[in-house]
Amino acid sequence: MIGLPSDNENRHKYCLHCNGAIAIESRFCKHCGSIQITQDTTTSEERWVIIQQMSVFYGIILLICCLSSFVDAFKTSKWELVFQGLMAATTITFAFYNWPNIRPLFRWPNFSLQKLCAYCAIAIVMAIIVHYTIRWLNAVVFTRQIIYNDFSDMGKFAPYLMIFSMAVLPAFFEELGFRGYLLQGLLKISDPGQAVFVSAFLFSIIHLSFLSLFWLIPFAWYQATIRLKENTIWYGVFIHFFFNLSACIYQMWP
Amino acid sequence: MEESLPLHENTTAFCNSCNTAVSNADAFCNNCGYPLHGTEQEQMDFISNRTYKEIDLEDYNKQIKKAGMALYLIAAFALLWGIILYATSKELAILLGSLIICIIFVALGAWSRRKPLAAILSGAALYAILIILSAIDNPITIVSGIIWKVLIIGAFIRGIKSAIEAEKIKKELNLN
């Protein structure tokens, strides 16, 4: 009589150390006793150093955002460009300091124009939904919303400067900073789920707008998920660019 | 000829360390790695080592719990502050803002029981923002309530360090 294969024959794996056959659900090898989960090589001390480094990065970016948003003396177009430059320089510094981890993200494996267009279309749709929802919410409960500097004091260059400052620079440097440097660091100290959430939360709160948290957190979570899935920052850069560009256009031509 | 696993003996033994059912033919427990057929010294060393790790884990969990309490404390302060300011200014946006902050910190405090590292890191970052914004509005606030601030930040730092160590031990002891 031909019997079905036994459970043991179908559900076994091989020990990572002695190569002995063990049950698939084994956490330790029954032959040599070695642990079967892949050991994380990052020590606790290294993780603490990574956290400290990320804290310094986040602290600098946070300070710049707070000063530019809440100190009246800094609410000019020139200071806007200075602060954007400082944030870019900070991001570049930390990214280069961790270059072996960041460099692979600049590749674009499995580039797909179709996928890129789909992601950008989703970004534009998201921007439209957010724009009208925020406008409605602001009418109901007046609170601070993200208003982009329109560089009106810079004459005929105003629209170009606005797009450069609000769409181009943030698209690249925020992606490099948060979904590049910060997310890579978080992945070293925790599992992907926690890393994605923390990077999204940190990105959202740094925009210093309670009302916008409802869309910033999902947007940032979406960006981090795409970065992990596609293993490149470029899709995120383009999504971010089109999202911010849409917001700029709404502000320039309400 | 296909390789096959040895058949389990009818006699079921139980691991002295984790009480999982094991086979008498196994040299080590597949759940915790206990040396089933090791010398008495090896078995005692294994149990001692595991016990020390469990004690350490208990200490780390206490620090994590304190950090969780700090998150709840900030939530309470935020709500109280919002109510007091609303009572004087009658601005709904202030009350709403403080309510949102309160809810976020309560959620992070609850989440710190399951994912302490993420919750405490997020809470610490948001707390830093609140301190900086208060300082920009009124620099005196940096020193007001300084003892509470130091205690809370200290709890966060110890909580983060403990969360890192606790995750490592849980992995080693197969407690995830």
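The values are calculated or read from the model by the stated rules, or taken from the named source; none is laboratory data. Keep in mind it's a predicted model, so treat the numbers as computed, not measured. Cβ atoms come from the backbone with ideal geometry, glycine included; neighbour counts cover every protein chain shown.
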- In the stretch A:44-60, is there at least one residue being over 30 Å from B:Leu130 (Cα atoms), at pLDDT below 85 and either at the interface with chain B (Cβ under 7 Å from one of its Cβ atoms) or in a loop (DSSP other than H, G, I, E, B) (or both)? no
- For A:Thr43, work out the one condition from (1) over 13 Å from A:Gly185 (Cβ atoms); (2) surrounded by 15 or more Cβ atoms within 10 Å (Cβ to Cβ); (3) of a type in the set (Ser, Thr, Tyr) it doesn't fulfil. (2)
- Query: Of everything in the stretch A:47-91 that's more than 29 Å from B:Asn138 (Cβ to Cβ) and among the aliphatic types (A, V, I, L, M), which residue is surrounded by the most Cβ atoms within 10 Å (Cβ to Cβ)?
  - Reply: A:Ile51
- If we scan the stretch B:61-69, do we find a residue that is at pLDDT below 95 and either crowded, with 20+ Cβ neighbours inside 10 Å or of a type in the set (A, V, I, L, M, F, W, C) (or both)? no
- Looking only at the stretch A:12-42, which residues are in a loop (DSSP other than H, G, I, E, B), within 9 Å of another protein chain (Cβ to nearest Cβ) and not hydrophobic (A, V, I, L, M, F, W, C)? A:Glu25, A:Ser26, A:Arg27, A:Lys30, A:His31, A:Gly33, A:Ser34, A:Gln36, A:Gln39, A:Asp40
- Item | A:Lys115 being exposed (fewer than 13 other Cβ atoms within 10 Å of the Cβ), in a helix (DSSP H, G or I) and modelled with pLDDT under 95 | no
- Message: Take B:Leu99 and tell me if it is surrounded by 16 or more Cβ atoms within 10 Å (Cβ to Cβ) and aliphatic (A, V, I, L, M).
- Response: yes
- Message: I'd like the residue in the stretch B:132-170 that is over 16 Å from B:Ile64 (Cβ atoms) and within 10 Å of chain A (Cβ to nearest Cβ) and, out of all such residues, is surrounded by the most Cβ atoms within 10 Å (Cβ to Cβ).
- Response: B:Ile132
- Which condition number does B:Ala76 fail, the rest of (1) closer than 30 Å to A:Ile35 by Cα; (2) of a type in the set (A, V, I, L, M, F, W, C); (3) loosely packed, with under 15 Cβ neighbours inside 10 Å; (4) modelled with pLDDT of 90 or more being met? (1)
- Message: Testing A:Ile239 on (1) more than 14 Å from chain B (Cβ to nearest Cβ); (2) closer than 18 Å to A:Ile102 by Cα, one condition comes back false. Which one is that?
- Response: (2)
- For the stretch B:105-123, which residues satisfy the criterion of being in a helix (DSSP H, G or I) and either at the interface with chain A (Cβ under 8 Å from one of its Cβ atoms) or farther than 25 Å from A:Gln52 by Cβ (or both)? B:Val106, B:Ala107, B:Ala110, B:Leu117, B:Ala118, B:Leu121, B:Ser122
- Message: Pairs please, first residue from the stretch A:107-118 and in contact (Cβ under 8 Å) with a residue 12 or more places away in the chain, second anywhere and of a type in the set (Val, Ile, Thr), Cβ atoms under 8 Å, 6+ apart in sequence or on different chains.
- Response: A:Arg107/A:Thr232; A:Trp108/A:Thr232; A:Pro109/A:Thr232
- Query: Among the residues of the stretch A:92-105, is there at least one that is among the β-branched types (Val, Ile, Thr), over 23 Å from A:Glu174 (Cα atoms), more than 8 Å from every other protein chain (Cβ to nearest Cβ) and surrounded by 12 or more Cβ atoms within 10 Å (Cβ to Cβ)?
  - Reply: no
- Query: In the set B:Glu54, B:Glu91, which member is loosely packed, with under 15 Cβ neighbours inside 10 Å, of a type outside the set (Lys, Arg) and modelled with pLDDT of 90 or more?
  - Reply: B:Glu54
